[in-house]
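The values are calculated or read from the model by the stated rules, or taken from the named source; none is laboratory data. Keep in mind that what you see is a predicted model, and the values were worked out from it rather than measured. Backbone-built Cβ (ideal geometry, glycine too); neighbour counts: all protein chains shown. To get the accessible areas, we keep the full protein, side chains included, count just its heavy atoms, and leave off ligands, DNA and RNA. Shrake-Rupley method; radii C 1.70, N 1.55, O 1.52, S 1.80 Å.
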Amino acid sequence: DAGVIQSPRHEVTEMGQEVTLRCKPISGHNSLFWYRQTMMRGLELLIYFNNNVPIDDSGMPEDRFSAKMPNASFSTLKIQPSEPRDSAVYFCASSSNSGGANTEAFFGQGTRLTVV
Amino acid sequence: AQSVAQPEDQVNVAEGNPLTVKCTYSVSGNPYLFWYVQYPNRGLQFLLKYITGDNLVKGSYGFEAEFNKSQTSFHLKKPSALVSDSALYFCAVRLNSGYSTLTFGKGTMLLVSP
């Protein structure tokens, strides 16, 4: 398996523009996480899906952020409108729940977002 | 709610010396515990995990960690540090079943000097 695949790797956009980050989880995994990493706040969980359903979105900063998982092999994180304080590295991770037991999560390489 | 504490922002150790990176956790139920490592401009890489059984777990690159239920700790250790071990290390916890998010500590920077 190629692992968790995120695109784009880098994104530079102007304030006010819409940004869409994409993630393809590992095949067979049924849990997906979006995290944001900054120097100031470290690694923050934004949202957690299980079987394509959002289970915990309490970490989503505000209404400008939205996430979808239309099927088991694809998820998006959208920011509209983007602001400079959204600049961060965004990670997607996936794991499986096998026989009721949660396994470790595997991370993508991340998307480095810069909003100018 | 579940949480992870990594009390040290940075750990400095000389190459060849043993290293310990500390982690304590809080969770309502039986925990799964994990250590990840992050090199510059890279994603997080899984190092090792504790699920059940032997309290001493061994992982990649010679790392090991000891689960201590009474102290709710899961410290990362290595008998002999390498300069190439220098990186950012994260401890994480989740419940071992059900819908459980994966909660990370703030990370500890390990610097191994030659």
Legend entry - For region A:70-116, the fraction of alpha-carbon pairs in successive 10 Å shells from zero, as %: 21, 40, 27, 11, 1
Inset, instruction - Compare each residue of region B:81-112 in its chain alone against the assembly with all protein chains, and report those whose accessible area goes down by 50 Å² or more; 1.4 Å probe, heavy atoms. - result: B:ARG94, B:TYR99, B:THR101, B:LEU102, B:PHE104
Legend entry - Kirkwood hydrodynamic radius (C-alpha pairs) into Stokes-Einstein, region B:2-114, 4 °C and 1.567 mPa s, D in µm²/s: 92
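In this model, which of B:LYS69/B:LYS106; A:LYS78/B:LYS58; B:LYS58/B:LYS106; A:LYS68/B:LYS106; A:LYS24/B:LYS49 are farther than 30 Å apart at the alpha-carbon?
From B:LYS69/B:LYS106; A:LYS78/B:LYS58; B:LYS58/B:LYS106; A:LYS68/B:LYS106; A:LYS24/B:LYS49, over 30 Å: A:LYS78/B:LYS58.
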Inset, instruction - Mind putting a number on the dipole of chain A about its Cα centre? Charges go on the C-beta only, +1 for Lys and Arg and -1 for Asp and Glu, and I need it in Debye to the nearest 20. - result: 220
Legend entry - Spatial extent of chain A: Rg and Dmax, with the Cα atoms as the point set, Å: 13.6, 46
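How many square angstrom of accessible surface are buried between B and A, both sides summed, with a 1.4 Å probe and rounding to 100?
Values: alone 6210 and 6360 Å², together 10750 Å².
Its buried surface, counting both partners, is about 1800 Å².
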Inset, instruction - Let me have the relative contact order for chain A, percent, based on Cα pairs under 8 Å that are six or more residues apart. - result: 36
Inset, instruction - Between A:VAL12, A:VAL53, A:VAL89, find the one with the highest GNM mean-square fluctuation for chain A; connect C-alpha pairs within less than 10 Å. - result: A:VAL12
Legend entry - Cα-based convex hull, the protein assembly as shown, per residue volume (Å³, whole number): 123
Inset, instruction - Skip the ligands, DNA and RNA, and give the accessible area per residue of region A:32-116 with a 1.4 Å probe, whole Å². - result: 42
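Determine the relative contact order of chain B: mean sequence separation of Cα pairs under 8 Å and six or more apart, normalised by residue count, in whole percent.
Working: 285 pairs, mean separation 42.5, N = 114.
This gives 37 percent for chain B.
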Legend entry - Å² of accessible area per residue within region B:21-84, as computed with a 1.4 Å probe and no ligands counted: 49
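Would you kindly calculate the translational diffusion coefficient of region B:67-114, applying Stokes-Einstein with the Kirkwood radius from alpha carbon pairs, for 4 °C and a viscosity of 1.567 mPa s, and quote it in µm² s⁻¹ without decimals? Walk me through the intermediate numbers first.
On the way: Rh = 13.0 Å.
Here the translational diffusion coefficient equals 100 µm²/s.
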